Amino acid sequence: MNTEPDRADEEVAANDADEATVDESGDVTDEVTELQNKVDENWDRYLRAAAELENVRKRAMRDVEHAHKYAIERFAADLLAVSDSLEMALAAEGEPSIESLREGSEATLKLLLTTMQRFGIEEIDPLGEPFDPAQHEAMTMQPSNEVEPGTVLTVFQKGYSLNGRLLRPARVVVAAEPVETA
């Protein structure tokens, strides 16, 4: 038997195995490189998303800070007209009459109340209405034959609400049962 052809077959088989190993390792290397590129791309996306999230968070905090800081800017600007009106009254030359002072005060008060209404501040003036502990603060009770007990007789100080939320209760005198005299 001839061993040389067997040897030749073995060499061919070995060369084919070496080539297969090179091809497989080349495929594996290409696959590892491709996967590494995907990892790098995903890491870059993650970093960008995290940075964007941080920027949005900072921007939101800055917006909230500005909202708190400048929330009453329009209201303050409108109040300047009231201040200007009072300053003009104080700077008026000559001896003002009681009537002109009263007219000026009424005009300034009207300007102030209009400004307050524009910003949702409503006056609470409960004269003659039933006492409401959620809106009124009873300073005292006074017997009265003229109105039913529990009705507001006098308003010491008007109350105010902001968009339906109580800022200050109206301070009032409430009617009590009339005192029986013998």
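Anything in segment 67-82 that is among the small types (Gly, Ala, Ser), part of a helix (DSSP H, G or I) and surrounded by 10 or more Cβ atoms within 10 Å (Cβ to Cβ)? List them, or say none. If the condition is that a residue be among the small types (Gly, Ala, Ser), part of a helix (DSSP H, G or I) and surrounded by 10 or more Cβ atoms within 10 Å (Cβ to Cβ), then Ala76, Ala77, Ala81 are the ones that fit. Inspect segment 93-111 for any residue being at pLDDT 90 or above, assigned to a helix (DSSP H, G or I) and under 27 Å from the mean Cα position of the chain (by Cα) and give the result as yes or no. Checked segment 93-111: no residue is at pLDDT 90 or above, assigned to a helix (DSSP H, G or I) and under 27 Å from the mean Cα position of the chain (by Cα).
For every residue, the table says whether it meets (1) at pLDDT below 70; (2) in a loop (DSSP other than H, G, I, E, B).
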site	(1), (2)
Asn2	yes, yes
Ala8	yes, no
Glu11	yes, no
Ala14	yes, no
Asp23	yes, no
Asn37	no, no
Tyr46	no, no
Lys58	no, no
Glu65	no, no
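Taking segment 78-134 as the range and being without any contact (Cβ under 8 Å) to a residue 24 or more places away in the chain, touching a Gly at 6+ places or on another chain (Cβ under 8 Å) and either closer than 19 Å to Lys158 by Cβ or basic (Lys, Arg) (or both) as the test, only Pro130 passes. Restricting attention to segment 137-176, the residues that are under 20 Å from Gln117 (Cα atoms), assigned to a strand (DSSP E or B) and of a type outside the set (Phe, Trp, Tyr) total 9.
The values are calculated or read from the model by the stated rules, or taken from the named source; none is laboratory data. Note that this is a predicted model, so its numbers are computed, not measured. A quick note on method: Cβ atoms are made from the backbone with ideal geometry, for glycine too, and the neighbour counts reach across all protein chains shown.
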